[in-house]
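Asker: Encoded as structure tokens, here's the structure I'll be asking about.
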Amino acid sequence: MALLWGRRPLRELPNDEENPVNEKPTPKFHLRRLSKSSAPVFEIAGALAPDACDRARDAVNACFDAGKTTDRGVSLPTQDVLVSSLPQRSQDEIRAALEASASRASDELPPEIRLEFSMARAFCIVYDAGGQKGLKKHTDGRKEGATLLLLLSTPGVDFEGGGTRFFPSVLEPSFDAKPAKGSTVVFPSDTLQHEGLPIK
């Protein structure tokens, strides 16, 4: 749903460590690598609280129903809702979740490299079992950057199926990310092919 980028791809992230005693505590999210393949794809659980997800999802649906969408182009014919179109509270909550997720990923990169989230590039893809069910295979094209996806809906309640399928290389099998509501998935933007699996 949103893009963030830095100067180089992500590398594998180790397990979380405790903060030193004298440092200000910062939120720590459970982070796991989704595959043993060469593709660095990670899921960060609990980035956005369930009630904030519900507010944002309802606001996205209202914008979509009112025709407040943007078309990102012919190569990916989707109709999306810009996060900047949502009520300020949802914008603030999404911004905080994505900035915290970017910071969490950046903790594992060399000190001179930080992933920076841009609200101007944040958008919500609206999948609909009666309309756009998924998204064909593609790369996101942000050179030397990363894409960050945040799931606002509840799998098994709001939809069946769905998820993101990744294709690391011709020599490695594809694998799927099926995050929980409020979780983020982080992966390289310009090198990793992926597709949005259809919902039912």
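Asker: Scan the range 47-69 for residues that are of a type in the set (A, V, I, L, M, F, W, C), surrounded by fewer than 19 Cβ atoms within 10 Å (Cβ to Cβ) and farther than 22 Å from residue 130 by Cβ and jot them down.
Answerer: Selection gives 49 alone.
Asker: From (1) under 20 Å from residue 78 (Cα atoms); (2) surrounded by fewer than 16 Cβ atoms within 10 Å (Cβ to Cβ); (3) modelled with pLDDT of 90 or more, pick out the condition that doesn't hold for residue 156.
Answerer: Here residue 156 clears every test but (1).
Asker: Within the range 168-200, how many residues turn out to be open to solvent by less than 50 Å² (accessible area, probe 1.4 Å) and either assigned to a strand (DSSP E or B) or within 19 Å of residue 61 (Cα to Cα) (or both)?
Answerer: Count: 12.
Asker: Quick check on the range 85-102. Is at least one of its residues modelled with pLDDT under 85 and either open to solvent by 10 Å² or more (accessible area, probe 1.4 Å) or not β-branched (Val, Ile, Thr) (or both)? Give the derivation first.
Answerer: Residues of the range 85-102 that are modelled with pLDDT under 85, as a first pass: 102.
Those still in the list that are either open to solvent by 10 Å² or more (accessible area, probe 1.4 Å) or not β-branched (Val, Ile, Thr) (or both) too: 102.
Checking the range 85-102: at least one residue is modelled with pLDDT under 85 and either open to solvent by 10 Å² or more (accessible area, probe 1.4 Å) or not β-branched (Val, Ile, Thr) (or both).
Asker: Residue 140: out of contact with any strand residue (DSSP E or B) (no Cβ under 6 Å at 6 or more places or on another chain) and among the acidic types (Asp, Glu), yes or no? First the steps, then the outcome.
Answerer: Numbers: out of contact with any strand residue (DSSP E or B) (no Cβ under 6 Å at 6 or more places or on another chain): no; among the acidic types (Asp, Glu): yes.
Here the answer is no, as residue 140 does not meet what is asked.
Asker: Moving on to the next point. If we scan the range 160-175, do we find a residue that is within 23 Å of residue 49 (Cα to Cα), at pLDDT below 95 and of a type in the set (A, V, I, L, M, F, W, C)?
Answerer: No: zero hits.
Asker: Now, a different point. For the range 70-84, which residues satisfy the criterion of being open to solvent by 10 Å² or more (accessible area, probe 1.4 Å), at pLDDT below 90 and not in a loop (DSSP other than H, G, I, E, B)? Before the answer, list the steps.
Answerer: Within the range 70-84, the subset open to solvent by 10 Å² or more (accessible area, probe 1.4 Å) is 70-77, 79, 82, 84.
Those still in the list that are at pLDDT below 90 too: 70-77, 79.
Listed by number, the residues that qualify are 70, 71, 79.
Asker: Name the residues in the range 146-164 that are on the phi < 0 side of the Ramachandran plot and more than 13 Å from the chain's Cα centre (by Cα), would you?
Answerer: If we filter the range 146-164 for residues that are on the phi < 0 side of the Ramachandran plot, which is where we start, we get 146-155, 157-160, 164.
Residues satisfying the conditions are 154, 155, 157, 158, 159, 160.
Asker: Looking at the range 143-152 only, could you name the residues that are open to solvent by 30 Å² or more (accessible area, probe 1.4 Å) and part of a loop (DSSP other than H, G, I, E, B)? Give the derivation first.
Answerer: From the range 143-152, those open to solvent by 30 Å² or more (accessible area, probe 1.4 Å) are 143-144, 149, 151; that's our starting set.
Matches in the range 143-152: 143, 144, 151.
The values are calculated or read from the model by the stated rules, or taken from the named source; none is laboratory data. In this text, all values refer to a predicted model and were calculated from it rather than measured experimentally. We place every Cβ from the backbone using ideal geometry, glycine too, and count neighbours over all the protein chains shown. What goes into the accessible areas is simple: the full protein's heavy atoms, side chains included, and nothing from ligands, DNA or RNA. Shrake-Rupley method; radii C 1.70, N 1.55, O 1.52, S 1.80 Å.
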